[in-house]
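Participant: Mind having a look at this structure? Questions to follow.
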Amino acid sequence: MSLFFSSRRLFLVVQSLHFLLLHAFKLRPERFICHRLKLIMFLLLTGLWITDGQNTVDLDGNVTITWDIVRWQDHSYDALVTITNFHLYRHIESPGWRLSWTWKGDEVVWQISGAEAAEQGNCSRFMGDLPHSCEKTPEVIDLLPGAPYDMQVANCCKGGVLSSKGQDPLHSQASFQMNIGESPKISDHDMIIPKNFSLGLAGYTCGSPFLVRPSKFTADNGRRHLQALISWKIRCLYSPLVGSTSPSCCVSLSAFYSETILDCAECSCGCQGAGICSSIGESWPLPYSPPVVRCTRHMCPIRVHWHVKSSSRGYWRVEVTIWNFNLVKNYTNWNLVVQHPSLDSVVQVFSSEYKPLSQRRMINDTGLFWGSKLQSGENGVVQTEVLLRKDPNIFTFKGGWTFPRKVYFNGDECVMPPRGGYPRLPKRKVSDGLDISLILLPLCLLSFFLSFIWAFALRQRRSERED
């Protein structure tokens with residue numbers, strides 16, 4: 001969240017505690033001013049002035065579940081369920097989503113297309129044909145690619161994998177259709193929609209369903225429009241504080257104008273230890289399974305290296321390299337998000353796709369990169385170059401300005417190295433690249449020569465006066 005929302009949260013917390021102490025403990029308002037200031041300092045120092053896991057890059061990022069009733073019969077209805085990933089750069093990766101909910105009544109799933117329930121459950125109360133699932137809390141999973149045609153619906157069968165809306169909108173949605181039996185009356189809206197929705201993904205929390213305007217669908221090649229009888233939406237938000245216990249990537253830096261190569265900070269994602277990391281080609285006896293991360297100083301599965309490659313009149317160039325140190329995982333659909341003021345002046349991007357991310361911002365300082373498959377093992381590296389135009393109002397090589405402010409890989413924020421160690425311009429160089437000694441040496445020689453002439457002339461004048 002932005003600083004505004006964090007400030008508002010702090011204000012509300014202080015106001016609530018102020019009211020509580022003022023009325024519960026009968027403190028006089030004039031004596032509470034000091035206590036109020038102390039309370040604010042305490043909240044700041046103890047870390048209560050924090051965000052809720054969202055960031056300012058993807059303000060509207062969420063996964064939305066839409067529950068549409070498209071047909072109603074006596075004690076049964078057909079529901080079309082759609083899952084849409086509205087994140088600009090966070091994918092839902094394999095093994096994919098596992099959507100679950102809890103029925104409010106005795107509903108069962110008689111039929112389903114485009115997905116399947118992981119468990120059928122106890123259907124002993126039925127005779128003859130049995131429902132697809134009788135679970136009170138069914139868990140529905142996506143069908144795999146290549147499923148039989150008669151089991152498919154539009155946008156199904158991706159194995160639960162969804163791309164981000166910003167990178168690949170065509171593959172950011174999944175759908176399945178169900179026939180629900182033993183349902184309440186259609187007039188009882190509160191009993192129809194289930195409760196306790198979950199995506200089955202770490203870090204995601206789903207809210208309560210809320211009624212929306214009925215969804216519309218196209219038919220007959222767009223010539224006819226259909227409308228759902230009732231529609232609900234459920235929004236699921238991601239929190240990195242819940243979804244990941246440790247960072248998954250780090251950033252290293254270098255520049256053509258400095259001999260310093262600033263590596264990822266030690267133990268950025270963890271520290272080495274017995275059984276924690278593995279080397280390429282190292283064998284592990286059964287029944288032990290080898291660790292998935294290659295032994296490195298930083299112990300991150302992903303390392304992003306930002307190298308300021310060159311500078312010319314009006315332009316400068318950056319080379320970005322991504323290493324995959326995960327020995328068992330290929331990143332087929334990877335993306336990289338970078339925050340830098342100069343991304344508003346991108347001229348050309350080589351060897352990868354690029355898309356600016358500007359969401360309710362006055363200045364576009366964030367970009368999304370993606371490209372070819374990032375393999376595991378020794379060949380686990382991809383590279384791209386960016387040509388940028390110099391803005392004379394802000395461009396400088398000083399103070400680490402040429403390096404990114406933040407970097408995200410597949411939605412996770414990477415650990416930046418300590419800012420105090422950033423590569424710097426050599427002290428013997430001036431900003432235009434000329435050796436300062438070439439200027440100072442002639443000035444010193446000229447000063448010495450003038451001093452010598454002045455001393456000689458002064459001595460001559462004294463000698464003339466004495467004569």
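Participant: Could you check the simple spin-label distance between Leu458 and Cys271, using points 7 Å along Cα→Cβ, in nm with one decimal?
Facilitator: Simple spin-label model gives 6.7 nm for this pair.
Participant: Among Leu130, Leu343, rank each residue by its count of other Cβ atoms within 10 Å, from fewest to most, as a rough exposure measure.
Facilitator: Leu130, Leu343
Participant: Hey, which of these cross-link pairs are over 19 Å Cα-Cα: Lys233/Lys355; Lys406/Lys427; Lys355/Lys398; Lys136/Lys195?
Facilitator: Long pairs (Cα-Cα over 19 Å): Lys233/Lys355; Lys406/Lys427; Lys355/Lys398.
Participant: Oh, and also: Place a point 7 Å from the Cα of Gln227 along the Cα-to-Cβ direction; which residues of the stretch 66-81 have their backbone N under 19 Å from it?
Facilitator: Residues 67-73, 78-80 fall inside that zone.
Participant: Let me ask something else. Extension gain Ser351-Lys309, at 0.36 nm per residue separation less the Cα-Cα distance, in nm? List each step's numbers first, then the result.
Facilitator: On the way: separation 42, 0.36 × 42 = 15.12 nm, distance 1.56 nm.
Going from the current span to full extension adds 13.6 nm.
Participant: Within a Cβ distance under 13 Å of Val140, other residues only, what is the Lys/Arg minus Asp/Glu net charge?
Facilitator: So the surrounding residues net to -4.
Participant: Sticking with this structure for a sec: Given R₀ = 56 Å, what would the calculated FRET efficiency be for Leu450 paired with Thr64, taking r from the Cβ atoms and rounding to 0.05?
Facilitator: Once the sixth-power term is evaluated, E becomes 0.10.
Throughout, read-outs are computed from the coordinates displayed, never taken from laboratory work. This one's a predicted model, so the numbers in the text were calculated from it and none came from an experiment. As a convention, Cβ positions derive from the backbone with ideal geometry for all residues, glycine included, and neighbour counts pool all protein chains shown.
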